[in-house]
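Sharing a structure, written as structure tokens. Questions coming.
The values are calculated or read from the model by the stated rules, or taken from the named source; none is laboratory data. Everything quoted here is computed from the prediction, not taken from an experiment. Here the Cβ positions follow ideal geometry from the backbone for every residue, glycine too, while neighbour counts run over all protein chains shown.
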Amino acid sequence: MDIPGLPNFRDLGGHRTGYGTVIAPGLLFRSVDLSRLEPAGGDALGGLGIRRVIDLRTTAEIEKHRDLLPDGMTTVHLDVLADSGATTGAQLAKVLADPRRLTEILGGGAAVERMTGTYRNIVTLPSALRSYRELFLGIAGPAEVTGTDVDTGGVLFHCTTGKDRTGWAAASLMLLLGVDEDAVTEDYLRTNTDLLPALQPVLDRFAEQGGDPDALLPVLGVREEYLRTALAEVDTLFGGIRGYATDGLGLTEQDLDRLTADVTVGV
């Protein structure tokens, strides 16, 4: 979907589950932050029926780049990394100021190691567990309107570049709904196609200032290894994605049934 100012924006609708249903189109959207949303993009976004925006960024990230919300949308802030002791956006801005030093720091596999550590945090941090619990409950909507004709509108969730915190939100949600793991992985890796071209100016400036762009790619893009790290953590700690939802996030079977009923339709 082409929304001016929002690379890496897409509708999760249309993905088939293993239960003879599909995720309903026009209900669940993932994105980069909305701070660079262009006027034409605001018009296009506003026409999609989105009513709720769930912002997974840190407070520092939000203060630096506030979302530009079209009329009719409300926002909820869920800081996934609040308990990490560091703000990813601030860290990246600091190290980008010294490309040569950053190349040294991220070389020799260090970048991938840092990213896999981030994905373990996304699964295990108390703030992450709280945030993803509220995300899934927010997507399901109030219990009192489930199964009625009340239109609660679509939900858009995002972080800064829409790839890690958002990527895990989409992947774990799709797996809970019964989408095949290969399809989930394919959607997760689409970030490299949809986002990296928009970040080419960042890579170009980095090279001009003496850095090696290849050192940045593991940080700016995604790898299947990252998602596998999170899933392995889920298996180790919770016995699988369902246990992650119930034991990790504290969702009840009724919560999960409501979530499934509200965002999937028969085919």
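Looking at the structure I just gave you, is residue 67 among the acidic types (Asp, Glu), surrounded by 14 or more Cβ atoms within 10 Å (Cβ to Cβ) and at pLDDT 95 or above? Outline the logic, then answer.
Values: among the acidic types (Asp, Glu): yes; surrounded by 14 or more Cβ atoms within 10 Å (Cβ to Cβ): yes; at pLDDT 95 or above: yes.
Yes.
While we're on this one: Taking interchain pairs and intrachain pairs at least six residues apart, which have beta carbon atoms under 9 angstrom, with the first residue in region 90-109 and under 14 Å from residue 214 (Cβ atoms) and of a type in the set (Gly, Ala, Ser) and the second modelled with pLDDT of 85 or more and in a helix (DSSP H, G or I)?
Final answer for the pair search is 107/215; 109/218.
Could you please give the count of residues in region 1-20 that are surrounded by fewer than 17 Cβ atoms within 10 Å (Cβ to Cβ) and either in contact with a Cys (Cβ under 8 Å, 6 or more places away or on another chain) or of a type outside the set (Phe, Trp, Tyr) (or both)? First the steps, then the outcome.
Our first condition is that a residue be surrounded by fewer than 17 Cβ atoms within 10 Å (Cβ to Cβ); within region 1-20, this holds for 1-2, 4, 14, 16, 18-20.
Okay, now just the ones that are also either in contact with a Cys (Cβ under 8 Å, 6 or more places away or on another chain) or of a type outside the set (Phe, Trp, Tyr) (or both), so 1-2, 4, 14, 16, 18, 20.
Matching residues across region 1-20 total 7.
Can you find even one residue in region 151-160 that is closer than 23 Å to residue 5 by Cα, surrounded by fewer than 19 Cβ atoms within 10 Å (Cβ to Cβ) and at pLDDT below 95?
At the first step, the residues of region 151-160 found to be closer than 23 Å to residue 5 by Cα are 153-160.
From what is left, the residues that are surrounded by fewer than 19 Cβ atoms within 10 Å (Cβ to Cβ) are 153.
Those still in the list that are at pLDDT below 95 too: 153.
Checking region 151-160: at least one residue is closer than 23 Å to residue 5 by Cα, surrounded by fewer than 19 Cβ atoms within 10 Å (Cβ to Cβ) and at pLDDT below 95.
Let me ask something else. When region 172-205 is examined, which residues are found to be of a type in the set (A, V, I, L, M, F, W, C), more than 15 Å from the chain's Cα centre (by Cα) and either more than 30 Å from residue 246 (Cα to Cα) or outside any helix (DSSP H, G or I) (or both)?
177, 179, 196, 198, 199, 202, 203 - these are the residues of region 172-205 that are of a type in the set (A, V, I, L, M, F, W, C), more than 15 Å from the chain's Cα centre (by Cα) and either more than 30 Å from residue 246 (Cα to Cα) or outside any helix (DSSP H, G or I) (or both).
Same structure, new question: Being more than 17 Å from the chain's Cα centre (by Cα), assigned to a loop (DSSP other than H, G, I, E, B) and either under 26 Å from residue 122 (Cβ atoms) or not hydroxyl-bearing (Ser, Thr, Tyr) (or both) narrows it down to one of 42, 14, so name that one. I'd like the intermediate steps shown before the answer.
Working: 42 fails: assigned to a loop (DSSP other than H, G, I, E, B).
Unique residue meeting the criteria: 14.
Something else now. Go through the residues of region 245-265 one by one and say whether even a single one is buried (at least 19 other Cβ atoms within 10 Å of the Cβ), among the polar types (S, T, N, Q), closer than 19 Å to residue 159 by Cβ and under 20 Å from the mean Cα position of the chain (by Cα).
The answer is no, given that none of the residues of region 245-265 is buried (at least 19 other Cβ atoms within 10 Å of the Cβ), among the polar types (S, T, N, Q), closer than 19 Å to residue 159 by Cβ and under 20 Å from the mean Cα position of the chain (by Cα).
Considering only residues that are more than 15 Å from the chain's Cα centre (by Cα) and basic (Lys, Arg), look in region 53-69 and name the one that is nearest to residue 4 (Cα to Cα).
Restricting to residues being more than 15 Å from the chain's Cα centre (by Cα) and basic (Lys, Arg), the top hit is 66.
Mind checking whether some residue in region 70-91 is at pLDDT 95 or above, assigned to a strand (DSSP E or B) and in contact with a Gly (Cβ under 9 Å, 6 or more places away or on another chain)?
yes
Let me ask another. Please find, within region 218-230, the residue that is surrounded by the most Cβ atoms within 10 Å (Cβ to Cβ) out of those that are of a type in the set (A, V, I, L, M) and in contact (Cβ under 8 Å) with a residue 60 or more places away in the chain.
The first filter runs over region 218-230 and keeps only residues of a type in the set (A, V, I, L, M), leaving 219-220, 222, 227, 230.
Now narrow it down to the ones that are in contact (Cβ under 8 Å) with a residue 60 or more places away in the chain: 219, 227, 230.
Details: 219: 21, 227: 21, 230: 24.
Once the filter is applied, the top-ranked residue is 230.
Pick from region 21-62 the residues that are among the acidic types (Asp, Glu) and modelled with pLDDT under 95: which of them is surrounded by the most Cβ atoms within 10 Å (Cβ to Cβ)? Break it down into steps so the answer makes sense when it comes.
Within region 21-62, the first condition is being among the acidic types (Asp, Glu), and the residues that meet it are 33, 38, 43, 55, 61.
Right, trim to modelled with pLDDT under 95 and you get 38, 43, 61.
Numbers: 38: 14, 43: 13, 61: 23.
Selected residue: 61.
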